[in-house]
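The values are calculated or read from the model by the stated rules, or taken from the named source; none is laboratory data. Model, not experiment: these values are computed from the prediction. Methodologically, a virtual Cβ is constructed for each residue, glycine included, from the backbone with ideal geometry; neighbour enumeration extends over all protein chains shown. Heavy atoms of the whole protein, side chains included, go into the accessibility calculation; ligands, DNA and RNA do not. Shrake-Rupley method; radii C 1.70, N 1.55, O 1.52, S 1.80 Å.
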Amino acid sequence: DASTLPSLLARELATENVEISNFGESGYVSTQSLWRLMELLKSGARPDWVIFYDGANEVFSSLQNGVAGLPQNEANRRLEFNVLSDGGQSARLVLNGFSGFKRVLAKPASVPDVVALAEQTARDYEANLRLLNGLSVEFGFKVLALWQPVIFTKKALSPSEQDELGSSAQVHRDLWLQTRERLRLAPLSTLGWVDLSAELDAEVAPLYLDFCHLGPHGNALVARGIAREWRATN
């Protein structure tokens, strides 16, 4: 926990009179974070600031599902929902060591129209930012919405990072880059959006554990960038 972004951000802001709470969830897209925030607000939470940290999950979910705005792994939920509607076949697949699920999930997906899907992903994310800002007006908090760095733009790659980049599908890279470009072209700064995607591009040290998750040093550098942006807008 000491090396998570909220902990490291708290360390960066140790001289400020702030208390930071971590509501991050594994694999959440911004729509799920927005739902979580609404539940917190309904229960009486009244933050001064709300910070979203997005990007990797938004794009990956769009690629995985072929459409923007859905949570990740919707195929799993469809299988779970239908587990009793096919005469128990899905249940038998579960009992047979997941081999059936592996066959289902291993079917190659059709190659998406990257341009159209990037536009859809950016539009969906912008809509969530507008909803987030509407909540900020009603409930009196400020917004910082950060687009996170990923390995696709890092210039100096370690051997492990080169392997990770090489294992990433070209369509995934293209979709992430085009989505980011569309967000950059949109007037989102008034919505609290800050593009941190280039924050680590010039770093020589190995930082990435996979295409988006960082080790402690990488998280510390990102936390420094978040603190900088927070001070600039506070």
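Across segment 141-152, rounded Karplus estimates of 3J(HN,Hα) from the backbone phi angles (6.51 cos²θ - 1.76 cosθ + 1.60, θ = phi - 60°) give 10, 9, 10, 10, 10, 9, 8, 7, x, 9, 6, 5 Hz, Gly and Pro being marked x. Between N22 and K142, the contour length at 0.36 nm per residue exceeds the Cα-Cα span by 41.6 nm. With the gyration tensor restricted to C-alpha atoms of segment 127-199, the semi-axes of the equivalent ellipsoid amount to 31, 13, 10 Å, longest first. Using a 1.4 Å probe over the heavy atoms of the protein chains, calculate the carbon and sulfur portion of the accessible area of segment 158-234 as a whole percent. It is 55 percent, rounded to a whole number.
Annotation: for a label point projected 7 angstrom from Cα along Cα→Cβ of A156, residues of segment 174-208 with backbone N closer than 18 Å are 198-208. Candidate cross-link partners of K155 among the aspartates and glutamates, defined by an alpha-carbon separation under 19 Å and a same-chain spacing of 8 or more, comprise D163, E164, D174, E181, D195, E199, D201, E203, D210. A Förster distance of 30 Å, applied to the separation of the beta-carbon atoms of E119 and S43, puts the FRET efficiency at 0.25. A probe of 1.4 angstrom, applied to the heavy atoms of all protein chains, finds R123 with accessible area near 130 square angstrom.
Probing with 1.4 Å while keeping every protein chain in the model, the per residue accessible area of segment 108-234 equals 48 Å².
Length gained on full extension, A205 to S167: 11.7 nm, using 0.36 nm per residue less the C-alpha separation. When the Cα atoms of segment 1-65 are aligned to their principal axes, the ranges along those axes come out at 43, 30, 16 Å in descending order. Shape class for segment 174-234, computed from the alpha carbon gyration tensor (a ≥ b ≥ c): oblate, with a/c not under 1.5 and a/b at or below b/c. Using θ = phi - 60° in the Karplus curve 6.51 cos²θ - 1.76 cosθ + 1.60, the 3J(HN,Hα) couplings for segment 188-197 round to 9, 4, 5, 9, x, 7, 10, 8, 9, 5 Hz; x is entered for Gly and Pro.
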